[in-house]
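Engineer: Have a look at this one.
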Amino acid sequence: MNADEQGSHDARQYIKFLAAGQEFAADIMDIREIRGWTDTTALPHSADYVRGVINLRGTVLPVIDLKSRLGMGKTEPTSSHVIMVVSSGSRLFGVLVDAVLDILTVSSGDIQPVPDTGHETANEYMDGIAVLDGKMVTLLGMEKLTGAANELAAA
């Protein structure tokens, strides 16, 4: 098998989305659905990045503000924002983003490791950086991103 054939066998699909003016992507297998913005009900004593909860067909779904989770400020949602419903372990979470852009097919050869920036917190949610057509897209690990919220919800 040559390198091109090998590259096509280790390719994965990602959903590309926009948050805080930057392009991010997440493994398509972690995304269950994409919904329009819905106002949330605040939860007392929750983390700053948790917007609150919504009712998803009878299930209480916590919604995480991705911009806030990444330390880039708080999102002021409008009707154009979307909530990606993400599966993390056995739980579902909503992740508030500016917009969903595209579906990408990324081979492992297109993924670079996250550079050491000296700020571990920011890097802990990243699976790598995909370089596609000269543009960089940050690959986020949804289970890593929702991990602390998952622990809080289980408590």
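The values are calculated or read from the model by the stated rules, or taken from the named source; none is laboratory data. Fair warning: this is a prediction, and the values are worked out from it, not measured in the lab. Neighbour counts are summed over all protein chains in view; Cβ atoms, including those assigned to glycine, are modelled from backbone coordinates with ideal geometry.
Engineer: Output the residue which, of all residues in segment 43-57 that are outside any strand (DSSP E or B) and among the small types (Gly, Ala, Ser), is nearest to the chain's Cα centre (by Cα).
Structural biologist: Here the residue is Ala47.
Engineer: Output the residues belonging to segment 84-126 that are modelled with pLDDT under 90 and buried (at least 18 other Cβ atoms within 10 Å of the Cβ).
Structural biologist: Result: Ser88, Tyr125, Met126.
Engineer: Which of the residues that make up segment 78-112 are among the polar types (S, T, N, Q), more than 12 Å from Ala25 (Cα to Cα) and in contact with a strand residue (DSSP E or B) (Cβ under 6 Å, 6 or more places away or on another chain)?
Structural biologist: Ser87, Gln112
Engineer: Scan the strands (runs of 3 or more DSSP E) fully inside segment 58-143 and keep the ones with 1 or more residues being in contact with a helix residue (DSSP H, G or I) (Cβ under 7 Å, 6 or more places away or on another chain).
Structural biologist: The qualifying strands (runs of 3 or more DSSP E) are 59-65, 82-88, 91-97, 99-106, 126-132.
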